[in-house]
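Below: one structure, written as structure tokens.
Throughout, read-outs are computed from the coordinates displayed, never taken from laboratory work. In this text, all values refer to a predicted model and were calculated from it rather than measured experimentally. Cβ placement follows ideal geometry from the backbone for every residue including glycine, while neighbour counts extend to all protein chains displayed.
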Amino acid sequence: METSPHSKFTQLVQRLKPNLSEMEKDEVRDLLKKETLSALIVGGIPHRMRDKMVVVFVNLTMGGIFLLNAETGSSIILYLKCGSVESLLNLKEMILSGVLLRLFSGVIEEFIEIRPQIQLVVKAEDYNLTLTYLNGVDGKFLPAR
């Protein structure tokens, strides 16, 4: 998905402000779904996977969480970016409540024909290290001093 400053996706993300009404959030969510679906089609993602992937990406994006990279091997490692303390705490809540696992499980199951066992592992030191970088009172990402 194109993420240059002038892309439709970037412009939609910039519209996500804390003071948006529910109606405005719904409008941005719908537009993000369309933009994400278009990118998945262009990227050659099979039809049967698209709906679940759209749900994952849009839910993360609406929470201020962005997938930066994925590494595959015997495991799949996802690198997520949280640009604020609020989004990091949202991610923590998604992990603790099992929402993140449920979101990704649906997508992963589409990749694998048999019913796999899917686990979500977040290293405590990775999460705690991330917190050390978040020194700004306004919740913006700042390197540790």
Task: Neighbourhood net charge (10 Å Cβ-Cβ; Lys/Arg +1, Asp/Glu -1) for LEU16 - done: +3
Open item on the list: With θ taken as phi - 60° and the coefficients 6.51, -1.76 and 1.60, list the Karplus ³J(HN,Hα) couplings across the range 64-78 in order, rounded to whole Hz; mark glycine and proline as x.
Closed with: x, 10, 10, 7, 8, 7, 9, 10, 10, x, 6, 10, 10, 10, 10
Task: Candidate aspartates and glutamates - alpha carbon under 20 Å from LYS81, same-chain residues fewer than 8 apart omitted - done: GLU2, GLU35, GLU71, GLU93, GLU125, ASP126, ASP138
- [ ] Please give the peptides 19-25, 79-85 ranked by average Cβ packing (other Cβ atoms within 10 Å per residue), highest first, as a rough proxy for protection.
- [x] 79-85, 19-25
Open item on the list: Give me the extension gain from GLU93 to ILE77: residue separation times 0.36 nm, minus the current Cα-Cα distance, reported in nm with one decimal.
Closed with: 3.8 nm
Open item on the list: Among the listed pairs LYS33/LYS92; LYS52/LYS92; LYS17/LYS123; LYS25/LYS123; LYS17/LYS52, which have their C-alpha atoms separated by more than 27 angstrom in this model?
Closed with: LYS17/LYS123; LYS25/LYS123
Task: Mean Cβ neighbour count within 10 Å, used as a protection proxy, ranking 36-47, 64-75 highest first - done: 36-47, 64-75
- [ ] Obtain the nm distance between the two label points defined at ASN59 and GLU27 by a simple spin-label model: each point lies 7 Å from its Cα along the Cα-to-C-beta direction.
- [x] 2.6
Open item on the list: Spelling out what I want: for every residue of the range 48-63, take phi, set θ = phi - 60°, compute 6.51 cos²θ - 1.76 cosθ + 1.60 (Karplus), and round to whole Hz; glycine and proline get x.
Closed with: 5, 9, 4, 4, 5, 5, 4, 4, 4, 5, 6, 4, 5, 4, 4, x
Task: For SER7, distant residues with modelled amide H under 5 Å away - done: none
